[in-house]
1. Could you list all residues from region 226-238 that are touching a helix residue (DSSP H, G or I) at 6+ places or on another chain (Cβ under 7 Å) and open to solvent by 60 Å² or more (accessible area, probe 1.4 Å)?
2. In region 47-89, which residues are under 25 Å from GLY183 (Cα atoms), in a helix (DSSP H, G or I) and more than 19 Å from the chain's Cα centre (by Cα)?
3. Restricting to region 114-159, what's the tally of residues that are open to solvent by less than 30 Å² (accessible area, probe 1.4 Å) and in contact (Cβ under 8 Å) with a residue 40 or more places away in the chain?
4. Does ASN87 satisfy the criteria of being in contact with a helix residue (DSSP H, G or I) (Cβ under 6 Å, 6 or more places away or on another chain) and surrounded by fewer than 23 Cβ atoms within 10 Å (Cβ to Cβ)?
5. For region 160-269, which helices (runs of 4 or more DSSP H) that fit wholly inside it have 1 or more residues that are more than 23 Å from MET46 (Cα to Cα) and without any contact (Cβ under 8 Å) to a residue 24 or more places away in the chain?
6. So, in region 68-91, how many residues would count as being over 11 Å from GLY109 (Cα atoms) and polar (S, T, N, Q)?
Amino acid sequence: MKIGNSEFDVKKNTYIMGILNVTPDSFSDGGRWNQIDAAMKRCELMIEEGASIIDIGGESTRPGYTQIDDEQEIERIAPVIEKIKTNFDIPVSVDTYKSKVAKEALRLGADLINDIWGLRYDKEMANVIADSGAVCCLMHNKEKAEYSNDFLKDLISEMLDSAESAQKSGINKEKIILDPGVGFAKTYEMNLDVLHNLKTINTCGFPVLLGCSRKSVIGLTLDLPVDQRLEGTLVTTMLAVMSGCAFVRVHDVKENARVIRMMKAILER
C-alpha cells in the first residue's frame, strides 16, 4: 500500500500512526499540541521515535464531545498540515468525518482521511476521497451498541459494508484500511471481544488499524486514569502485531515502537 510518498508492506509489518491532537479538549492530551510550534516539536519527536504516519485531529471525538463547525476544524488543522508537509517527508492523515474538512485537508496535502464514521456520517465523504485518490481508514461505528447474538459477525459485516460503499463510490480497494472501532458503539465486554478476536478480524481482506491507545477499555480493566494506561496500551499493540494488524494508532510512539520491534524479532525467529 502506498500512502503519500511511502510504501507500506501491510502483510508483513505493523506500522505506527502517531496521534497529533490539535484540540483543546481531547480526552487524553487536549490543549498540549494546539499551538503550531508545540505541534511541530511533537511531530518531529514522534517521527524520531518511529511513527510512520502522523494523524492530525482537529475535533475531539471522546465520549460526550462537543461538535465544532467545519470552518473551526479547518482553522485548527490547516496550518499544521501545511507545516508538516513543508518540513517533514511523512504521510499525513487527518481524523475527520466531514467532507468539507476532508476536501480542504486533501487540497493542503493530506494523504489519508481517517473517518470515525466509516463514510456513514457524510454522504459526500466517499466522493471527496475517491476524487482525490487518497487512502482512507474506515472505522466501525454506529449510533447505538445494538447487535444480534453474534457480535463479531455483525462487526465484520458492518466493516465490510463500509468498504463496499467506498468501492462503489470509486475508492480503489488497495486504498482502504479498516478499523474495528474500539471504544465506539461498544460495551466494555464488546471491546474486549474485539481485542480477543483480532486474528479473525484480520481475515477481512483489508489492512486493519487498531486504535486502542489509552482508551476506556484499558482504564476500566486496570482501574487507571488516562495518563496511566501505557502498559495496557502496549499489551494491545502486542496483540495487534501477533494478529497481523497493519497499523496501530497511538499516543506513546517510542514505547510502542519498541514493543513492535521486539514482537517482530520473536515472531520472525
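1. Of everything in region 226-238, just one residue is touching a helix residue (DSSP H, G or I) at 6+ places or on another chain (Cβ under 7 Å) and open to solvent by 60 Å² or more (accessible area, probe 1.4 Å), namely MET238.
2. The one that is under 25 Å from GLY183 (Cα atoms), in a helix (DSSP H, G or I) and more than 19 Å from the chain's Cα centre (by Cα): ASP70.
3. Residues flagged as open to solvent by less than 30 Å² (accessible area, probe 1.4 Å) and in contact (Cβ under 8 Å) with a residue 40 or more places away in the chain within region 114-159 amount to 18.
4. On the way: in contact with a helix residue (DSSP H, G or I) (Cβ under 6 Å, 6 or more places away or on another chain): no; surrounded by fewer than 23 Cβ atoms within 10 Å (Cβ to Cβ): yes.
Answer is no for this residue.
5. Once the helices (runs of 4 or more DSSP H) in region 160-269 are filtered for at least 1 residues that are more than 23 Å from MET46 (Cα to Cα) and without any contact (Cβ under 8 Å) to a residue 24 or more places away in the chain, what remains is 188-196, 216-222, 253-268.
6. Final tally of qualifying residues: 2.
The values are calculated or read from the model by the stated rules, or taken from the named source; none is laboratory data. Owing to the predicted nature of the structure, the values given are computational and were not obtained by experimental measurement. Positions of Cβ are backbone-derived with ideal geometry, glycine not excepted, and every protein chain shown enters the neighbour counts. These accessible areas exclude ligands, DNA and RNA; they are computed on the full protein's heavy atoms, side chains included. Shrake-Rupley method; radii C 1.70, N 1.55, O 1.52, S 1.80 Å.
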